[in-house]
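Since the structure comes first, as C-alpha cells, the remarks are kept for the end.
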Amino acid sequence: MALMFLALRDLRFGRTRFVLMGAVISLIAVLMVLLSGLSQGLVKDGVSGLQNLPITSLAFEKGVQHDSAFTRSVVDEDAVAVWQEQDGVKDAAPFGLALVNGATADGVEVDLALIGVEPGTFVAPRSAKGEEFGATDGIVVSSHLVEKEGVSIGDTITLEHSDLSLRVVGVMAEQNTFGHVDMAYVPLDTWRLAKAGVNDAGQLNERQQHEITAVAVDGPDDTAAGDEAAGTESLTQRESYDASPGFTAETSTLMMIQVFLYAICALVAGAFFTVLTIHRKGEIAVLRAMGASTGYLLRDGLGQALLLLLAAVGIGVGVGVGFGALLQGTAMPFALVAGPVVLAAVLLIVLGLAGAAAAIVRITRVDPLTALGANR
C-alpha cells in the first residue's frame, strides 16, 4: 500500500471524479460486450451451416465471383471423381446449394437454403430427431427453423414455382444457416428439381441432370493440383464464408465500430489522467522534493489507472453479460461467447492503460523546485 500512497489517497478523496470516469469506461465495456455478442450472433446466423460442414475446402466453377460463388457456380458432377483421385484427399462429394421459398400446409411461409447432397456421403446431415437422411421426398431441416417458424417433423413444405412437395423427416441438432436463411438438406436429385423449378426429372435437360454447385473436399490445404485436374477453383472453408450474402459487410462494419471504441477508451483514459496529473502537480512536486523517484511516481500513477480500469471494465462486462443473456433467444441474432468477451475486456484494459501511461509521462517533467515556490 505504501508504494501507492498518492494513488490511494486520490481514489479516497476524489471519489466523485473517479466514479464518473469509471462509469464512462464501464459503458464502453458494456457496448463492447454487446457488440461482441452481436458480431458472434451475425456470424452464427450467416455461416453456421458452413462452419458445421466436415470439409477443408469447396471447389467451385473456375473463375466464379467469390462473393457470390454459391449462387453463381455450376460444376459438372464428373469433377467429384477427379477430386477423389487426388493425393491427400480423404473424401470428396457433390454439394449443391440453392435459395428457395416455400410454405407448409398450414400456410407458414419459409425461406430455405436448400442443400443437395448424396445420402451416405461424408457431408450428409445427421438427424437429432426423426428419420435419417435419405428419403427421395424427405427433407432434414435446421433446428433453428423448428424453433423460429414452428415447423415440425411430418409437415410438408411445398416449394414455390415448382410445386415440389418435401416431407420434413428429420431435424438437425444445431442451428444451420446460410446468409440468415435456414438450411435444409435434400437428396441431390431432388435438389436439382428444386433448383430448376420443376417437379419431374424428365423436365431437366442434360446439363441440369449432372450439375452441382461445388465439390465438397476433405483433404490437404494445397488445392492447386486438384483444381488443375478438375478445372475448378477452390475456396477454403473459411474463405467460403465471404460468399454468404452480407457476411463480409456485416462483420467488417462491426469490427470498425469495435476498433473505434477501443480508440475512444484509450483517448478517454489519456484525457482523464492528463487532467489529473496537471491537477496534482503540486503533490507530485512535493513527493519529488522529498526524494521520491520518477519510477516510483510512474508506478503510482499506473497503479491507480490499473485499479480504475479493472474495476470499471469488470463492472461493465458484468452488466453487458447480463443484458446479453436477456437478448439470447430473441429475434436479434445474438450469441455470447466467452473468448471474444474476455479478449474485448483485456484489450480495453491494455489500451486504457496505454492511454493513461501516455498522460502520466508528464510526471517526469514536474520540477521538484515547484514545491519550494520556484514557479512564483
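The values are calculated or read from the model by the stated rules, or taken from the named source; none is laboratory data. As the structure is a computational prediction, the values presented were derived from the model and not from experiment. Every residue, glycine as well, gets a Cβ built from its backbone with ideal geometry; the counts of neighbours run over all protein chains shown. Remember, those area values only see protein heavy atoms, side chains included, never the ligands or the DNA or RNA. Shrake-Rupley method; radii C 1.70, N 1.55, O 1.52, S 1.80 Å.
Of note:
- Sole residue being at pLDDT 90 or above, in contact with a Leu (Cβ under 8 Å, 6 or more places away or on another chain) and not in a helix (DSSP H, G or I), chosen from 100, 89: 100
To keep it simple, each residue is scored yes or no on (1) buried (at least 16 other Cβ atoms within 10 Å of the Cβ); (2) at pLDDT 90 or above; (3) not in a helix (DSSP H, G or I).
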site	(1), (2), (3)
4	yes, no, no
20	no, no, no
41	yes, no, no
50	yes, yes, no
55	yes, yes, yes
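- Residues that are aliphatic (A, V, I, L, M) and out of contact with any strand residue (DSSP E or B) (no Cβ under 8 Å at 6 or more places or on another chain) occur at least once in region 163-174.
- Residue list for region 135-151, restricted to those being surrounded by 15 or more Cβ atoms within 10 Å (Cβ to Cβ) and farther than 17 Å from residue 49 by Cβ: 135, 138
- Residue count for region 57-86 under the criterion of being in a helix (DSSP H, G or I), farther than 15 Å from residue 211 by Cα and open to solvent by 60 Å² or more (accessible area, probe 1.4 Å): the result is 3.
- Meets criteria (touching a residue at least 12 places away in the same chain (Cβ under 8 Å), assigned to a helix (DSSP H, G or I) and acidic (Asp, Glu)) for residue 45: yes
- Of all residues making up region 101-126, the number that are open to solvent by 20 Å² or more (accessible area, probe 1.4 Å) and closer than 22 Å to residue 164 by Cα: 10
- Of the residues in region 177-192, at least one is surrounded by fewer than 24 Cβ atoms within 10 Å (Cβ to Cβ), over 30 Å from residue 86 (Cα atoms) and touching a Pro at 6+ places or on another chain (Cβ under 7 Å).
- Candidates in region 211-246 are the residues that are surrounded by fewer than 17 Cβ atoms within 10 Å (Cβ to Cβ) and assigned to a loop (DSSP other than H, G, I, E, B); of these, the one that is farthest from the chain's Cα centre (by Cα) is 231.
- Exactly one residue among 358, 263, 335 is part of a helix (DSSP H, G or I) and either at pLDDT 85 or above or open to solvent by less than 20 Å² (accessible area, probe 1.4 Å) (or both), and that residue is 263.
- For region 155-176, filtered to residues that are open to solvent by 50 Å² or more (accessible area, probe 1.4 Å) and of a type in the set (Gly, Ala, Ser), the residue that is nearest to residue 40 (Cα to Cα) is 173.
- Residue check for residue 197: in contact (Cβ under 8 Å) with a residue 40 or more places away in the chain, surrounded by 13 or more Cβ atoms within 10 Å (Cβ to Cβ) and in contact with a Ser or Thr (Cβ under 7 Å, 6 or more places away or on another chain): no
- Within the option set 96, 116, 37, being in contact with a helix residue (DSSP H, G or I) (Cβ under 9 Å, 6 or more places away or on another chain), of a type outside the set (Asp, Glu) and under 30 Å from residue 322 (Cα atoms) holds for one residue only, 37.
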